[in-house]
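The values are calculated or read from the model by the stated rules, or taken from the named source; none is laboratory data. All values reported here derive from a predicted model rather than from experimental measurement. Counting neighbours? That spans all protein chains shown, and the Cβs are built from the backbone with ideal geometry, glycine included. For the accessible areas, the whole protein counts, side chains as well, though only heavy atoms, and no ligand, DNA or RNA atoms are used. Shrake-Rupley method; radii C 1.70, N 1.55, O 1.52, S 1.80 Å.
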Amino acid sequence: MIAEPLRSTDRLFQIIQILRRSSRPVTARMLSEELEVSIRTIYRDVAHLMGQRVPISGEAGVGYVLGTGYDMPPLALVPIELEAIVLGAQWVAAHGEKELSRAALDVLAKVAAVVPAPMQPFISVPSTAAKLPLDASQDTADRANLRAAIRAGTKLRLHYRDQQGEGTERTVWPIVLGYSDITCMLIAWCELRQGFRHFRTDRIHEVEILNEKIGEPRSRLLQRWKAQRTSELAKVTREAG
């Protein structure tokens, strides 16, 4: 299926957005492949943006970067971006606990209040839909407290039951809450096991927020966990092949 090409104005916004989200120079070829237009069109669009005093620096063949002092209006959205917001909010409203579900609906209401009239149907009559959760079981763990501990960088003491129903107590460094269609996982560094562990929140029957900071910056822990997951997935792929 061939994607509908972006209109000229939308494409200019998209070029700025691509440059804004990248920490490295972006070549004209990379822009042309993502936006599905010719490199010549990219050269023309970038020249137009630079002529409009958008602080883009760089040159053909090397790559372009966007100056740090520039920003677009926060809700200069193109249709596909709005669809992404709606789909994400639908999923959170269906799968998140009460606090997150309300927040997702509030976000949609705020976006709907400021997007222009031609964009309103993307919210009121969306073309996307998130699958409803398959498991309606209620967590005993307070996910709001888990998120608060993650943001604060404080340790947790978990009272947890494993798949066999055996109880255990763990002191962990919380990193992130991971959601799937049927479960929510607390991803954390476990002091007992000295490694990363995944704890299903529906098996956590008590949480204590400790007055003690985790022993490593959360950003570094998250990077280490991602690297481990990437290595594990690569190993599984090799063995399957």
- request: Starting from the range 178-205, take each residue that is part of a loop (DSSP other than H, G, I, E, B) and list its partners that are of a type in the set (K, R), counting only C-beta distances under 7 angstrom and pairs at least six apart or across chains.
  value: D181/K131; T183/R200; L192/R170
task: Take R24 and decide whether it is of a type outside the set (S, T, Y), open to solvent by 30 Å² or more (accessible area, probe 1.4 Å) and under 17 Å from the mean Cα position of the chain (by Cα).
output: no
task: Go through the range 195-217 residue by residue and tally those that are out of contact with any Lys or Arg (no Cβ under 9 Å at 6 or more places or on another chain) and open to solvent by 70 Å² or more (accessible area, probe 1.4 Å).
output: 1
The listed residue being among the hydrophobic types (A, V, I, L, M, F, W, C), closer than 15 Å to L146 by Cα and more than 18 Å from the chain's Cα centre (by Cα), out of I204, I175: I204
- prompt: Going through the range 124-164 one residue at a time, which ones are surrounded by 13 or more Cβ atoms within 10 Å (Cβ to Cβ), modelled with pLDDT under 85 and farther than 22 Å from I182 by Cβ?
  reply: P126
message: Looking at the range 52-69 only, could you name the residues that are among the charged types (D, E, K, R) and in a loop (DSSP other than H, G, I, E, B)?
response: R53
message: So, in the range 38-65, exactly how many residues are in contact with a Pro (Cβ under 7 Å, 6 or more places away or on another chain), at negative phi and either modelled with pLDDT of 90 or more or open to solvent by less than 30 Å² (accessible area, probe 1.4 Å) (or both)?
response: 2
query: For the range 116-123, does any single residue satisfy the condition of being within 30 Å of R147 (Cβ to Cβ) and surrounded by 14 or more Cβ atoms within 10 Å (Cβ to Cβ)?
result: yes
statement: Sole miss for E81 among (1) in contact with a strand residue (DSSP E or B) (Cβ under 7 Å, 6 or more places away or on another chain); (2) within 30 Å of A109 (Cβ to Cβ) is condition (1)
- prompt: Just one of T168, T230, T183 is open to solvent by less than 80 Å² (accessible area, probe 1.4 Å), among the hydroxyl-bearing types (S, T, Y) and more than 27 Å from K98 (Cα to Cα); which is it?
  reply: T168
task: Taking T183 as meeting all but one of (1) at pLDDT 90 or above; (2) touching a strand residue (DSSP E or B) at 6+ places or on another chain (Cβ under 9 Å), write down the number of the exception.
output: (1)
query: Within the range 165-175, is even one residue under 21 Å from V92 (Cβ atoms) and modelled with pLDDT of 90 or more?
result: yes
- request: Taking E83 as the residue in question, decide whether it is among the acidic types (D, E) and open to solvent by 60 Å² or more (accessible area, probe 1.4 Å).
  value: no
